[in-house]
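Structure first, then comments.
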RNA sequence: GGCCCCUUCGUCUAGUGGUCUAGGACAUCUGGUUCUCAUCCAGAAAAUCGCGGGUUCGAAUCCCGCAGGGGUCACCA
């Protein structure tokens, strides 16, 4: 059996979103699973649509996700170059093969004329078929006009690993353009030549190409080459479920997810599961498991809507599975500026504490600011608190004073803090909801924060006590 | 309009003729975990399997129609 070689062939028109990367991921998984090759080929045959910097951006996305490629524009291999714009002579050579066989001809019509035919067909509610207008005597190609393929309409039945058997009729076949008048090939032509020359075994692509497959099959026949194995992955729809995810609307750059602190393993797991599962109830798969379990034949036929909440959940799962040491390394660039002067041990302890409520790393500053900066007193935390607001101010002050006094006598080890405050609970006959909430507010000035004992243990004795003092003063000022 | 593809809880999905009065996960709701938020745990609600016929003792699963959705019909990929 020939080596399995898959490819991802983006055009450099911007960034990659969930949909694009998922298609690439499936191709990558298949290659890895079979010890094959994964190739990146840049389809830059439309100079008008090209966006500056896209290629670097796309390659960076692969690198950041850890989806390594064996050959690509910046990774030469035996079948290069991997930029279509650098392969123009190859396409011309193949085009001439068709010309010499009488299977390609110079387009005799102007753009306007073709457009006229198209409108005419539309008005008559007929499919527009260029071949109906094809002259009997094929015009020669002088390269100032596009080169068209002389199609040979017929029915096709082919097998798609995901979709199964697909049939088409003659109407799906038409004379399409092989080489544009600017000398660049069209996608329809270039990808077929390249996939063949690059010995691609499996072409995995998204659904919008399915309608063109009969045309491709017709061209393979004319070129007398074998088509690769085809697999069509379903589209990914936007959250509204109406249309497929697109850059125009809501789709986000994968690199942005990475920047926000989504872990690459979570992103990969999530994308893999958007349209694939291994027929079990397992939801969390590490990359190795994905490689060994992935099967194209298990890919869903119907399109899936992208629900970011599931991604958020999954990222949380991965954050919790990651050791704090590892997470600390990943989180380096996310700490707030004010944390600069604090030690690694301190930050590590903070991270360990907030880890279980972290959804993505860019939440770190919001969740941790009070560990690094003296928080501003926020009176509403008490006045808006259902229970504390009903308690007499004097009594709150007294509780804080007692807490201050008792805590000041301890060594501030976690166990001791715990015992001391529990004792105070008994002594003052207060419920945790009163005493602990009060101290928590005094020390964090935050509506939500990690558990009290751990929080103040990390904060340390000095800061804890001074913040309680500050709160007492503030309460006294309300008098 | 032609051609092609798709159709199970709000969402991602399991399911390949009987074990399905349809399972899991996300989201939602409720309760528990000495304080808030979260985590975790337990539980609830949530799909008459797009609709209509058929085949069969028996269908989400097979067949036929229909409907809805999507894609495509570029000198874009």
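The table below lists the values:
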| read-out | value |
| --- | --- |
| Helix A:264-273 axis, angle to chain A major axis (alpha carbon atoms, nearest 10°) | 60 |
| Pair-distance profile P(r), taking every C-alpha pair of the stretch A:123-231, with 10 angstrom steps and integer % | 13, 42, 34, 11, 0 |
| Coordinate range along principal axes, alpha carbons of the stretch A:30-138, Å, largest first | 51, 34, 30 |
| Residue order, fewest to most surrounding Cβ atoms within 10 angstrom, among A:41, A:134 | A:134, A:41 |
| Helix-only mean residue ellipticity at 222 nm for chain A, each DSSP H run of n ≥ 4 adding -39500 (n - 2.57), per residue, nearest 500 | -13500 deg cm²/dmol |
| Taking chain A and dividing mean pair separation by its residue count, relative contact order in percent (alpha carbons under 8 Å, at least six apart) | 13 |
| Beta bridges per DSSP with both ends in chain A, % antiparallel, nearest 5 | 50 |
| Tilt relative to chain A, helix A:414-428 - C-alpha long axis, 0 to 90 degrees, to 10 | 50 |
| Dimensions (Å) - the stretch A:374-477, Cα atoms, principal axes, largest first | 32, 30, 23 |
| FRET efficiency estimate (nearest 0.05) - Cβ-Cβ, residue A:170 to residue A:142, R0 41 angstrom | 0.85 |
| Ranked packing of A:17-26, A:252-261, most packed first, by mean Cβ within 10 Å | A:17-26, A:252-261 |
| Spatial separation of Cα centroids for the stretch A:261-282 and the stretch A:358-419, in angstrom | 39 |
| FRET efficiency, residue A:34 to residue A:389 (Cβ-Cβ, R0 60 Å, nearest 0.05) | 0.35 |
| Angle in degrees between helix A:393-408 and the longest Cα principal axis of chain A, rounded to the nearest 10 | 90 |
| Distance between modelled label sites at residue A:401 and residue A:426, nm, 7 Å Cα→Cβ extension | 2.4 |
| Dimensionless Rg over Rh [chain A; C-alpha; Kirkwood] | 1.17 |
| Inter-label distance for residue A:366 and residue A:321, nm, one decimal - labels placed 7 Å from Cα along Cα-to-Cβ | 2.5 |
| Length gained when the stretch residue A:415-residue A:329 is fully extended (0.36 nm per residue, less Cα-Cα span) | 28.1 nm |
| Backbone N under 20 Å from the residue A:462 label point (7 Å along Cα→Cβ), restricted to the stretch A:330-351 | A:338-350 |
| FRET efficiency, 1/(1 + (r/R0)^6) with R0 45 Å, evaluated for residue A:280 and residue A:96 via beta carbons | 0.30 |
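Each reported figure results from applying straightforward, stated rules to the coordinates on display, with no laboratory input. These figures come from a predicted structure and were not determined experimentally. Glycine also receives a Cβ, built like all others from the backbone with ideal geometry; neighbour counts cover every protein chain displayed.
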